[in-house]
Amino acid sequence: MTEEIPRKLLDHGFISEDQYSKIHLISSGKIVSVFYELRSLFYLGVLLFTSGAGILIYKNIGEFGHVISIIVLILLTIACFWYVYKKAPAYSNSSVISPTPYFDYIVLLGALLFISVQGYLQFQFGIFNENLGLSTLVTSAFFFYVAYRFDHAGILSLAITALASFWSISISPQKWYSGNFLSSSNLHNTAIVFSTVVAVVSLGLDKKAIKTHFTFTYLNFCSLIFFIGAIAGLFIGNLWGVYLLLIYSGCVFTFYVARWKKSFLFLIYAFISAYIGTTYLLARTVLSEAIELWFLYSIVSCGGFIYFIVSFKNYFKQKS
Amino acid sequence: MNFAYKETDLYNLVVIKETKRWFKQGFITEAQQIAVHSAYPSAFYHPNLIIRILLFIATLLALSGVSGILGLLFASTGEDVIKVLCVIYGIASFYFLKKIFIENNKHYKSGVTEALLYHACGFVIGGVALMTDFNMYALLLVCLVVFSFAAIRYLDLITTLAATCSFAGILFYACYDTGGLFRQIIPFVIMISFLIVYVLVKRIKKKLKYKFWINNLMVIESLSLLLVYAAGNYFVVRELSVDMMNLRLEDGQEMPFAFLFYGFTVITPIAFLFFGIRNKDIILLRVSLVAIAFSVFTFKYYYGFGHPEITLTIAGAVLLGISILLFNYLKTVRHGFTRENHLAEKWGSLNLQAFIVSQTLGGNQVVPKIETGEGGKFGGGGSTDSF
């Protein structure tokens, strides 16, 4: 069907002959874009290579071959960064267009190889032996530098996860699933404080117009960590009222972020957390026994929510 | 059978979506885009993906409340009545979806419609399954019918996928139950049937009459190709034979006709890749990439899984090499292929990519509280996540 649309629009005078000939080439399949395929290949290559290389050195520590492999890795890291520095445009506070299509992946490769090398050096020479946490902090600082210097949102998320893990907060679905997130007793409070501080910092940066396109990544991580922390607090301690208030204020904040950034991912976080929070509140207070009331509650609350979204549909339109 | 939506609305929505993509790629100006939008108005309520997910979750929660209350009301009526009621409730949900959401409120794939649709399918299939005591054939058959109905009528992609899988299931069990020779030729039955399906779908796609189902047809096309490959894959055939047909194999022993399946494992992906490139068929290309990866896995599985780290490193280096070569090769359009992104797709957003990076690559190492001898942090343990 998409093949016939350009022709029709041309016939009705919506597009010019010149535009038609360009669009037609693509919609008729005469030119095929392998943009995403190439990028997936590239990404997979980086992923496999860096994981393989990391395990490779780790397993062969103390053997003869590993000296060669570590030298190769260091050389590769240097080569990556040499390439990146040579090609990269000057630093700018706004978003920067990559000089070559695979520039971003070379940055990623270099940064990941760097952690492998750093991990090796730490293991072999015990640079940070007294304080393992410090090395995470170094990794995080390095990632932040790379992310800002080369305008790389992917590295930025690695930097945030590394910084979070310095505070023992693990941002990984597998860990949440296995319950390791709550391994230490006050971790949920750390999570709440951490995410609030990072969010405030990122809003400050946004205000100063420094890399405003990074704000989404920051706030995405912050809201996730905040809500997980607050919900955990809700279920664990006796102070559930406090955590409930925290959840609600988080919801108000993410709701405004969703509107401001026109990104409704935040709305999902807000909805799910508010729902869990409110359900918990009701379970503790009104609806303790009667199962019928629970069913009515889910119909009314979700029905109301759907009605709200649908009636204010213009409010929730993505910017085109 | 026709779709449940109004054709002009559907058509105009496609026009709007297409021109939006052209505008994003800089083929047309904003004024042109706006002009097209006002000339092709679509009354549909079709929100963006995130809102759809949100509405989907909320609708499922609300529906669980509805079914819960109904369940309580009819709990005492006895098992036989419940079975029938399930089917009736499912059919009523279909009707409700069409009348209230599609006709009156003009919902089109809004999240609410999907939730109601799967809910309806679930109850009809569940009810029939209870009535027939979970008879495999009846279950698969009703799955095929209900999912096909949902797919055709509501242009839904997930039910298309489910319907195709049910069809494959019917073929498989028919051969399996017949026994004897038929059990031996299951791979060939599946391969030939889905090759036929593939050719048919290719033909149907060309017909203008079926243009609104183009995405459904593409789903069937991809899945057929995958099934053709999987049915001939050595790993799949061997493991299924051991599991389901009590084939006993000693270590190092080969199953009958092993050479044939080794051949398919190698030749099918290469054939897909060859025809994909020659015919500029992006679906064949994508499937061939997946198939090649799985073929490599198959051979590694039986011959030396001993050094996964070396395999990983070499595979990564090879992939990097190939993609850099291709990037450079496709700098200009060659044989109709280009590395440039012509049409922005939903999933192409940078933010999503950033999130995937953080979830699949290193950086997730939590500092262990108790110091152990292990280094605790080496980048990139996340090789288990698929991309």
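The values are calculated or read from the model by the stated rules, or taken from the named source; none is laboratory data. Values in this document were obtained by computation on a predicted structure and should not be read as measured data. Here the Cβ is made from the backbone with ideal geometry for all residues, glycine too, and neighbour counts use every protein chain on show.
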Quick test for you: out of B:Ile82, B:Ile91, pick the one residue that is touching a residue at least 40 places away in the same chain (Cβ under 8 Å), in a helix (DSSP H, G or I) and more than 12 Å from chain A (Cβ to nearest Cβ). B:Ile82
It is to be established whether one or more residues within the range B:173-181 are β-branched (Val, Ile, Thr) and crowded, with 17+ Cβ neighbours inside 10 Å. no
Unmet requirement for B:Leu72, which otherwise passes all of (1) surrounded by 15 or more Cβ atoms within 10 Å (Cβ to Cβ); (2) in contact with a helix residue (DSSP H, G or I) (Cβ under 7 Å, 6 or more places away or on another chain): (1)
Of all residues in the range B:75-84, how many are modelled with pLDDT of 85 or more and touching a Leu at 6+ places or on another chain (Cβ under 8 Å)? 2
What helices (runs of 4 or more DSSP H), lying completely within the range B:99-218, carry at least 1 residues that are closer than 23 Å to B:Leu13 by Cβ? B:112-131, B:136-154, B:157-178, B:186-206
Tell me which of these B:Ala62 doesn't satisfy, since it passes every other one: (1) more than 13 Å from chain A (Cβ to nearest Cβ); (2) over 24 Å from the mean Cα position of the chain (by Cα). (1)
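Tell me which residues, restricted to the range A:1-21, are at the interface with another protein chain (Cβ under 7 Å from one of its Cβ atoms) and buried (at least 18 other Cβ atoms within 10 Å of the Cβ). Reasoning before the result, please.
The initial filter retains those residues of the range A:1-21 that are at the interface with another protein chain (Cβ under 7 Å from one of its Cβ atoms), namely A:1-2, A:5, A:9, A:14-15, A:19.
A:Thr2, A:Ile5, A:Leu9, A:Phe14, A:Ile15, A:Gln19 - these are the residues of the range A:1-21 that are at the interface with another protein chain (Cβ under 7 Å from one of its Cβ atoms) and buried (at least 18 other Cβ atoms within 10 Å of the Cβ).
Being under 21 Å from B:Glu221 (Cβ atoms) and of a type outside the set (D, E, K, R) narrows it down to one of B:Tyr176, B:Tyr118, B:Tyr154, so name that one. Walk me through it before giving the result.
Values: B:Tyr176 fails: under 21 Å from B:Glu221 (Cβ atoms); B:Tyr118 fails: under 21 Å from B:Glu221 (Cβ atoms).
Of the residues listed, the single one that is under 21 Å from B:Glu221 (Cβ atoms) and of a type outside the set (D, E, K, R) is B:Tyr154.
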Within the range A:93-104, can one find any residue that is away from chain B (no Cβ under 12 Å) and touching a helix residue (DSSP H, G or I) at 6+ places or on another chain (Cβ under 6 Å)? yes
Is it the case, given these coordinates, that A:Leu41 is under 27 Å from A:Phe144 (Cα atoms) and at the interface with chain B (Cβ under 10 Å from one of its Cβ atoms)? yes
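For the range A:78-87, indicate whether the set of residues that are basic (Lys, Arg), more than 11 Å from every other protein chain (Cβ to nearest Cβ) and without any contact (Cβ under 8 Å) to a residue 60 or more places away in the chain is non-empty.
First, pick out the residues of the range A:78-87 that are basic (Lys, Arg): A:86-87.
From the residues that got through so far, the ones that are more than 11 Å from every other protein chain (Cβ to nearest Cβ) too are A:86-87.
Restricting the remaining residues to those that are without any contact (Cβ under 8 Å) to a residue 60 or more places away in the chain gives A:86-87.
Scanning the range A:78-87 turns up at least one residue that is basic (Lys, Arg), more than 11 Å from every other protein chain (Cβ to nearest Cβ) and without any contact (Cβ under 8 Å) to a residue 60 or more places away in the chain.
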B:Tyr108 vs (1) crowded, with 21+ Cβ neighbours inside 10 Å; (2) free of Cβ contacts under 8 Å to residues at least 60 places away in the same chain; (3) of a type in the set (Phe, Trp, Tyr): all pass except (2)
Please go through the range B:41-59 and give me each residue that is at the interface with chain A (Cβ under 9 Å from one of its Cβ atoms), in contact with a helix residue (DSSP H, G or I) (Cβ under 6 Å, 6 or more places away or on another chain) and of a type in the set (Ser, Thr, Tyr), ordered by number. B:Thr59
In the set A:Val198, A:Val257, the lone residue that is touching a residue at least 12 places away in the same chain (Cβ under 8 Å), under 19 Å from A:Ile169 (Cβ atoms), aliphatic (A, V, I, L, M) and assigned to a helix (DSSP H, G or I) is A:Val198
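Out of B:Asp251, B:Asp243, which single residue is at pLDDT below 75 and among the charged types (D, E, K, R)?
Testing whether each residue is at pLDDT below 75 and among the charged types (D, E, K, R) leaves just B:Asp251.
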Which members of the range B:289-311 meet the condition of being within 19 Å of A:Leu44 (Cβ to Cβ) and within 10 Å of chain A (Cβ to nearest Cβ)? B:Leu289, B:Ala293, B:Pro308, B:Glu309, B:Ile310, B:Thr311
Filter the range A:246-279 down to the residues that are within 19 Å of the chain's Cα centre (by Cα) and aliphatic (A, V, I, L, M), then identify the one that is farthest from the other protein chains (Cβ to nearest Cβ). A:Val257
Read through the list (1) touching a helix residue (DSSP H, G or I) at 6+ places or on another chain (Cβ under 9 Å); (2) more than 7 Å from chain A (Cβ to nearest Cβ); (3) acidic (Asp, Glu), then give the number of the only condition that B:Glu18 fails. (2)
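Take the conditions surrounded by fewer than 23 Cβ atoms within 10 Å (Cβ to Cβ), out of contact with any strand residue (DSSP E or B) (no Cβ under 9 Å at 6 or more places or on another chain), among the aromatic types (Phe, Trp, Tyr) and on the phi > 0 side of the Ramachandran plot and apply them to B:Phe134. Does it pass?
Values: surrounded by fewer than 23 Cβ atoms within 10 Å (Cβ to Cβ): yes; out of contact with any strand residue (DSSP E or B) (no Cβ under 9 Å at 6 or more places or on another chain): yes; among the aromatic types (Phe, Trp, Tyr): yes; on the phi > 0 side of the Ramachandran plot: yes.
Criteria met by B:Phe134.
With the requirement that a residue be of a type in the set (S, T, N, Q) and either more than 24 Å from B:Gly111 (Cα to Cα) or not in a helix (DSSP H, G or I) (or both), what does the range A:214-254 give you? Let's see the steps before the verdict.
Let us first name the residues in the range A:214-254 that are of a type in the set (S, T, N, Q), namely A:215, A:217, A:220, A:223, A:238, A:249, A:254.
Those that are of a type in the set (S, T, N, Q) and either more than 24 Å from B:Gly111 (Cα to Cα) or not in a helix (DSSP H, G or I) (or both): A:Thr215, A:Thr217, A:Asn238, A:Ser249.
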